[in-house]
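No lab work stands behind these numbers, since they all come straight from the coordinates. Just so you know, these numbers come straight off a predicted model, no measurement behind them. All Cβ positions, glycine included, derive from the backbone under ideal geometry; neighbour counts span all protein chains shown.
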Amino acid sequence: MKEVMEMVKQRRIDWFLIGIAVLAAFLNFWAVWNDDTVNPYYTAAVTSMTENWSNFFYGALDPSGFVTVDKPPVALWLQTISALIFGIHGWSVILPQALAGVGSVLLLYFLVKPTFGSWAARIAALVMATTPIAVAVSRTNNVDSILVFVLLLGAWALFKAVRRGKIGFLLLAFVLIGVGFNVKMLQAYMVVPAFLLFYLIAAKLNWKKKLLHLVIALVMMLGVSVSWAVIVDSTSADSRPYIGSSQTNSVLELAFGYNGMERLLGQETGMSTGGGQDGANVQAGAPGSSTNNDNIAPDASTESAQNGQSMSGQPPQPPSGSTNGMNGGGPGGNGGGPGGGSKMMGGTGMFGTGTAGPLRLFQTALGDQISWLLPMALFGTAAIFIANWSRKRRFFQWNTEQKEMAFWAAWLIPVAGFFSIAGFFHHYYLIMLAPAIAALTGAGFMALLKLYRKNKGVPGYLLPSAVVATTGLQMFFIAQYSMLWMGFVGVIGLGLATTLFIVKHKQPAWTSWIAVASLVALLLAPTYWALTPMMYGGNSALPEAGPQLKTSSGDGFADATVNEKLISYLEENSSGTEFLFGTTDASTAAPYIIKTGESVMALGGFNGTDPILTVKELKQIIKDGKIKYFYLPSNNKASNSDVVAWIEENGMKVDSSEWSDETTTTDATTSATTGGNSQRGGMQGGQSGGTLYKLTEEDGGQ
């Protein structure tokens, strides 16, 4: 970036920024090499995408290109390139996300500094670096950290467009949103209101030109957004994989349905009233193993219960009542009630995301992942506006600080509004809020300090009020783990705030140090939370942060375990077939794809409910000798499908003694997690795990 080059040329190295970047790199990178398979769903896709160009382009789950994952492929392309360079390892597929996390910290610094100054930029970068959910996501192969980085690149281009008056930068900004669409579809569009508003209020052009420029930019954004989808949907279904988690084999349907409106209104795709647990997406374990985990979404998983408190003098410990089971999540499950088997299921919601409403982000179900400094950001927003108010200007004539404040507020408010009412999302999606909260905290704190020093009226008391409100919210989050540590944080934060109130009129020389100390105190708890994925081992399928990881680390949506005896049996008896075996869902198939590098057919995509094959089509595949064996988990809801019913009716059961060995179930690769009590690899083969069927070419002719 030009700013970096100019800084180096002028030898004005910001050592504070260097330290923050090192901290971000430490939080994002350290010990990721201990997670071998990360989220198996995406790692299996990377394994397949390294095989050939077609798999790479479409984002195929399996080497044969039978079905895709449920996301567009841009982030997976980056992971695959990394895997091609360094080999297929957990750390190599994490690398792009970890780099994106550090890059976002640097980008935020350069976005904030020109207008608000170095200290505001440093604070913003530090808050971004220590945001718990941002760190947790960046340590996995989930794609959200790459999405945020791409959108921040777009914001950088947008700011350049306004400052330099160049339409080229504006077009680049909206093209990057289109690229973000091809990272995680409609989630990228959450920032569009902020981009539109900022250009309208900040660009120094007449209204006709601004509107024309925005129309052109939006057209380009839409063109880039749907480019991959149109290419795929225009390709014959026989010439490409089935689009996973769609019901019509369409990327556009996936984008605007499962990854679009369903995120707001609630999940419908993949839900069923037949099979499973009252319609919940019941997840199968690895073949030859058993699990009661719920199969709740490609990037979903469980978390551990969070009831009880610690009164010890140690740092916050996980509450009692943790469970490794996944009994909530879908309709008919525990639904995320208190103690319902999920770390953040202190509230309700389909995935333990709390009760929908205006205060949802302040509930314990979501808040301790993202909202630690949200009150400071809100007070800071008001402070920026007030500190830059001038009676010499009309109300709508804002200066640069106010306009950029409006940009970050317009990023924050729609995204916060969405998560306050949405029915189908997971905790780590909250990383979308991190840049706006960080920017408004950094710029806002400096504005609060300015008002505190110079304003004798009510605005001068906004700083200590912000410290009180932020401390109170942090005490509320910490109380669910440790009353002692809640008291410790409260004494420091409220003590410093009280000091600020008392010395307001005297303004001694050390007042600024008290203000800085209060900010440092407010960063302690979120920094500890951000350290927990590294300290205890993270949840790679559903990233989260918090002390509960000490007992629930690695409790992902699918244990990356395989039955070695099953592999040996199939390799000996499936010679010449295209697929090693078939199974109902991607979570069962993924560990075997990673372990063997061979194709495993996920008959129903991730959830086991995609209508990929008819019975007639499956018969033809069997008749062609492409597949012989099918493993059907006993607890998968897809068991009521016509295809699965036909396999059960016509297949020959293979005696479990030939392929199942309770003592030989092992990790897909050498499994390990960092310092935590990981639950990976603990599933025993042969215990109510399911049935292995054999179907010959003659069966396919029936």
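Rg and Dmax of the range 399-477, based on Cα coordinates, read 15.0, 47 Å.
Packing order of peptides 503-516, 431-444, highest average first: 431-444, 503-516 (average count of other Cβ atoms within 10 Å over each peptide's residues). Once the C-beta distance of SER239 and LEU84 is scaled by a Förster radius of 25 Å, the resulting FRET efficiency is 0.55 to the nearest 0.05. Placing unit charges on each Cβ (+1 for Lys and Arg, -1 for Asp and Glu) gives the range 94-222 a dipole about its Cα centre, and among LEU95, LEU205, LEU126 the Cα reaching farthest toward its positive end belongs to LEU205. A crude spin-label estimate for the pair TRP510 and LEU186, with each label 7 Å from Cα along the Cβ direction, gives 5.6 nm. Computed from backbone phi, the HN-Hα couplings of the range 491-503 come to 4, 5, x, 6, x, 5, 5, 4, 4, 4, 5, 5, 8 Hz, rounded to whole numbers (Karplus: 6.51 cos²θ - 1.76 cosθ + 1.60, θ = phi - 60°; Gly and Pro given as x).
With θ taken as phi - 60° and the Karplus curve 6.51 cos²θ - 1.76 cosθ + 1.60 applied, the whole-hertz 3J(HN,Hα) list for the range 603-611 is 4, x, x, 4, 6, x, 10, 5, x Hz, x standing for glycine and proline. Separation of the range 207-269 and the range 452-494, taken as the distance between their Cα centroids, equals 44 angstrom.
Multiplying the residue separation of THR614 and ILE201 by 0.36 nm and subtracting their alpha-carbon distance yields 143.2 nm. Taking every C-alpha pair closer than 8 Å and separated by at least 6 residues, the mean separation divided by the residue count of the range 19-162 gives a relative contact order of 27 percent.
Over the range 429-554, the hull volume per residue, using the convex hull of the C-alpha atoms, is 109 Å³. Legend: translational diffusion of the range 54-101 by Stokes-Einstein, Rh = Kirkwood radius over C-alpha pairs, 10 °C, 1.306 mPa s; D = 143 µm²/s. Each pair of Cα atoms in the range 1-139 enters the Kirkwood radius, and Stokes-Einstein at 10 °C and 1.306 mPa s then converts it into a translational diffusion coefficient of 97 µm²/s.
Amide H contacts for PHE581 (H built 1.01 Å from N in the peptide plane; partners 5 or more residues away or on another chain; cut-off under 5 Å): MET601.
Working note: Karplus 6.51/-1.76/1.60 with θ = phi - 60° gives the range 23-39 the couplings 4, 4, 5, 4, 5, 8, 9, 4, 6, 5, 5, 7, 9, 7, 10, 6, 7 Hz, where Gly and Pro are set to x. The range 82-125 and the range 35-76 have their alpha-carbon centroids 24 Å apart. Along the Cα→Cβ direction, 7 angstrom out, place labels at GLU698 and GLU648. What is the inter-label distance in nm? About 2.5 nm separates the two model spin labels.
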